[in-house]
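Step one of this worksheet: look at the structure below.
The values are calculated or read from the model by the stated rules, or taken from the named source; none is laboratory data. Because the structure is predicted, anything quoted here is derived from the model rather than measured. Reconstructed Cβ throughout: ideal geometry from the backbone, glycine too, with neighbour counts over all protein chains shown.
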């Protein structure tokens, strides 16, 4: 009986030891789990593995990290960059990105950081570098006149670099602010264009009014011409009769009914 009791005690202690030395966690949907060995022969290049679902691990020798693989947004603080001709622009970038499925172990193995810290440091440096390189290729005038092409070049460079690191760039918003001198020049140009349009509109109104007066004058002249052509002697006599007050008009010494119309 004593031997049996000892065996039961040992087995119980062994089970309790295993229970104390192991733990369980579940990898949530939208995440990838990474099991990292902290000690032993597996530590090093081969100490990281991808796990999913419910995971058992030894909390004394292993860690479990969860990397989100859903789309995330990073809104960075503004920074300044120089154009090719020395003009200083302000950039206020926002990126939307995600970890490419299955790449989280390589990302963690390279940086040994969680996704939050990688976003604040590594990805931010890639964003700054992409804007710096592309601004060095553009003068102020060329960037302003071809802003869409410039931003496409920044996005293409950043997309290529992040893909190599295991990230997929969904969207980039640059938030570029022009130098104050450039802003003032653009405002002055816009005002000049608006004033020119106003003058042109006023000129069109003046020309339209002048054409209207010409048409009215031509119409009046035409009407007078038609009236003169219609004033025949017979018509004048008829109009005289219609307006006659009953008194015989006298022309010269002898009364006559009508005066010859020349």
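Could you tell me whether any residue of the range 99-108 is under 25 Å from the mean Cα position of the chain (by Cα) and without any contact (Cβ under 8 Å) to a residue 24 or more places away in the chain?
Taking the range 99-108 as the starting set, the residues that turn out to be under 25 Å from the mean Cα position of the chain (by Cα) are 99.
Next cut, without any contact (Cβ under 8 Å) to a residue 24 or more places away in the chain only: none.
No, the range 99-108 has no match at all.
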Among the residues of the range 52-82, write down those that are over 30 Å from residue 37 (Cβ atoms) and not in a loop (DSSP other than H, G, I, E, B).
73, 74, 75, 79, 80, 81, 82
List the residue pairs whose Cβ atoms are under 6 Å apart, where the first residue sits in the range 23-46 and is farther than 14 Å from residue 61 by Cα, the second is modelled with pLDDT of 80 or more and exposed (fewer than 13 other Cβ atoms within 10 Å of the Cβ), and the two are 6 or more positions apart or on different chains.
30/70
Name the one entry in 64, 48, 95 that is modelled with pLDDT of 90 or more and surrounded by 13 or more Cβ atoms within 10 Å (Cβ to Cβ).
95
Please give the number of the condition residue 85 fails out of (1) within 23 Å of residue 171 (Cβ to Cβ); (2) in contact with a helix residue (DSSP H, G or I) (Cβ under 7 Å, 6 or more places away or on another chain).
(1)
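For residue 118, indicate whether it is within 17 Å of residue 163 (Cβ to Cβ), surrounded by 14 or more Cβ atoms within 10 Å (Cβ to Cβ) and touching a residue at least 24 places away in the same chain (Cβ under 8 Å). Show your work before the answer.
On the way: within 17 Å of residue 163 (Cβ to Cβ): yes; surrounded by 14 or more Cβ atoms within 10 Å (Cβ to Cβ): yes; touching a residue at least 24 places away in the same chain (Cβ under 8 Å): no.
Here the answer is no, as residue 118 does not meet what is asked.
Working only within the range 83-102, note down all residues that are touching a strand residue (DSSP E or B) at 6+ places or on another chain (Cβ under 8 Å) and not in a strand (DSSP E or B).
Within the range 83-102, the subset touching a strand residue (DSSP E or B) at 6+ places or on another chain (Cβ under 8 Å) is 83, 88-102.
Result: 83, 92, 93, 100, 101, 102.
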